[in-house]
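Note sheet for the following structure.
Rule-based calculations on the coordinates, nothing more; no lab input. Since this is a predicted model, take the numbers as computed values, not measurements. So basically every Cβ, Gly included, is an ideal-geometry build from the backbone, and we count neighbours across all protein chains shown.
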Amino acid sequence: MAADRDAFRAPVGTHDVLPPESERWIELVERFASRARRSGFGLVITPIFEHVDVFRRLGDATDVVRKEMYEFDDKGGRRLALRPEGTAPVVRAFVQHRPPVPWKVWYLAPNFRYERPQRGRYRQHWQVGAEVLGPPDPDIDVEVVALAQGFYRDLGLKRVRLSLNSMGDASSRARYVDVLRGYWRDNASVLGDETERAEANPLRILDSKRDDWQEMLEHAPQLGEYLSDESRSHFERVEEGLQALGIDYEIEPRLVRGFDYYTSTVFEFASDALDAAQNAVGGGGRYDKLAEELGGPPTPGIGFGIGIERVLIACDGEGVLPAASVACDVFVVDLVGTTDALQIMQEARELGLAADRTYGGRAMKKQLAAAEKSGAHYAVILGANELARGTVGVKDLRTEEQVEVRRADVAPWLKKQIGDTTR
Ligand code: HAM
């Protein structure tokens, strides 16, 4: 029987990332890591799967938990789930290890959600993100937002907008949710078969993009009117900090974000270079009760996640962070078939240079064409006559000048010409 064609393709909603596209990933992660380090964050690595209960805290009424989790039983009968998002595992790790606070960590990780795949929405997507566990100081909110905003700037993105809102504390939100439930009941005819969802999770309706709901949503009561004094002054201090750092933002009263763990400050970054339905290139907020809910000491937290694939689509849209091919300094053109080609490449690489060659004894013309294409600065040409004299030819591919260099000295000679590279 013929093999199933799809059995040997990446599963629907997942992607292979090949060179040279993958070079952009390295560049993106390096820029994020560099900014995170400068901001006092260390890398945290948590497992790709967790006990499913870790993720139940995201909210039983959220699609991610209800419909989209990749859950399975392992051979020992444990109920596990592939990570659908990065915050719950980090807080679980915090509760488990109890590091000193403030605990500032960043991560790079794949996430899994059984969504309907489309451009910018995948079943496996990658995030870079950051979390801070520690005091509820609003200055931390500002630093966290500044980290994300600075990263977009580092990439050269200009069309990223920041929206901000406060979800208030538990008591402000409880009051608001009551009012909102009443409002949804009054609008049952507009909500149609979504009235049940509105009853179960009134906040989730607020940020819907359904056209036929927009008028109802515009007149919905706003959370900002129900904030406690404490929540309000926290939010004011966040605004003051953002303004002091010159970070532009818009207050978006209907921004509530998708998970139940959010409290207080929430924010989202949207790119005008993306389709409106998938324009969020990052988002986050405070989750001041999550550590407790995962069995830890009461420890407020705040963080964000940034979708790598979406950021790269936004970069394409704005024409920044182009895919660079893998760099090459030295290309060895081998006309003799001795082990010298192998050795010279190794010697060059040991000195920190990038070296490459062709294989299979190809004609000189073809090898030189490959050398040109590689972007190498120098071609080292191994000919029988030169090797018999104890030398090799070295051609500067930019000036076309060729010199003879002692075979034994060629790698340090190249290193001296090229100087220190960052490879
Ligand atoms: P999120 O908003 O679900 O938040 O995801 C963060 C970002 O990941 C989104 O803004 C988007 O760029 C990207 N993203 C999400 N789902 C997909 C998908 N299916 N395909 C492609 N990209 C996607 C969180 O995950 C929270 N853990 C963020 C956070 C951290 N909150 C506090 N700390």
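Listing for the model above:
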| read-out | value |
| --- | --- |
| The chain - Rg over Rh from alpha carbon coordinates, Kirkwood radius | 1.11 |
| Cα centre as origin, Lys/Arg/Asp/Glu Cβ charges: the chain dipole, Debye | 1400 debye |
| Loop sites in the stretch 1-107: chymotrypsin sites (Phe, Trp or Tyr not before Pro), DSSP, at most 11 other Cβ within 10 Å | none |
| Sites Asp193 and Asp53 - FRET efficiency at Förster radius 25 Å, r taken between beta-carbons, to 0.05 | 0.25 |
| Along principal axes, Cα extents of the stretch 278-406, largest first, whole Å | 76, 35, 26 |
| GNM top mover of Gly303, Gly390, Gly40 - the chain, alpha-carbon springs below 10 Å | Gly390 |
| Selection from Ile418, Gly375, Ala348, by position along the positive dipole direction of the stretch 330-418 (Cβ) | Gly375 |
| Value of relative contact order over the stretch 330-418, rounded to a whole percent, pairs C-alpha under 8 Å and six or more apart | 31 percent |
| Label-point gap, in nm, between Lys366 and Gln96 - each point 7 angstrom along Cα→Cβ | 5.3 nm |
| Segment Arg237-His219, extension gain: residue separation times 0.36 nm, minus the distance between their alpha carbons | 3.7 nm |
| Vicinal HN-Hα couplings computed from phi for the stretch 386-395 (Karplus, 6.51 cos²θ - 1.76 cosθ + 1.60; Hz; Gly/Pro x) | 4, 4, 5, 8, x, 10, 9, x, 10, 10 |
| For the stretch 330-418, radius of gyration divided by Kirkwood radius, i.e. Rg to Rh on alpha-carbons | 0.91 |
| Computed lengthening from Val179 to Ser228, 0.36 nm per intervening residue step minus Cα-Cα distance | 16.1 nm |
| Sites Asp409 and Leu18 - FRET efficiency at Förster radius 41 Å, r taken between beta-carbons, to 0.05 | 0.60 |
| Virtual spin-label span in nm between Ser34 and Ala200, 7 Å along Cα→Cβ | 4.7 nm |
| Total lysine pairs under 17 Å (Cα atoms) in the chain, excluding pairs fewer than 8 apart on one chain | 6 |
| Relative contact order (percent, whole number), the stretch 179-249, Cα cutoff 8 Å, 6+ residue spacing | 28 percent |
| Linear extension gain, Ala244 paired with Lys209, 0.36 nm per residue minus alpha-carbon span | 9.3 nm |
| Neighbour cut-off at most 16 other Cβ (10 Å), DSSP loop, trypsin sites (Lys or Arg not before Pro), the stretch 310-399 | Arg362, Arg389, Arg398 |
| Simple spin-label estimate for Arg161 and Arg9 in nanometres, 7 Å along Cα-Cβ | 3.7 nm |
| Range of Cα positions in the stretch 221-276 per principal axis (Å), largest first | 38, 30, 21 |
| Equivalent ellipsoid dimensions for the stretch 22-109 as semi-axes, Å, which come from the Cα gyration tensor, largest first | 27, 17, 12 |
| Expected 222 nm ellipticity per residue - DSSP helices of 4 or more, -39500 (n - 2.57), all of the chain, to 500 | -10500 deg cm²/dmol |
| Among Gly317, Gly295, Gly352: highest mean-square fluctuation, GNM of the chain, C-alpha pairs under 10 Å | Gly352 |
| Longest exposed-site-free window of the chain, the sites being GluC sites (Glu not before Pro) in a DSSP loop that have at most 11 other C-beta atoms within 10 Å | 1-399 |
| Positive minus negative residues near Pro253 (Lys, Arg vs Asp, Glu; Cβ under 11 Å) | -4 |
| The chain, relative contact order in percent, only Cα pairs under 8 angstrom and at least six apart counted | 16 percent |
| The stretch 2-56: trypsin sites (Lys or Arg not before Pro) in DSSP coil with no more than 15 other Cβ atoms inside 10 Å | Arg9 |
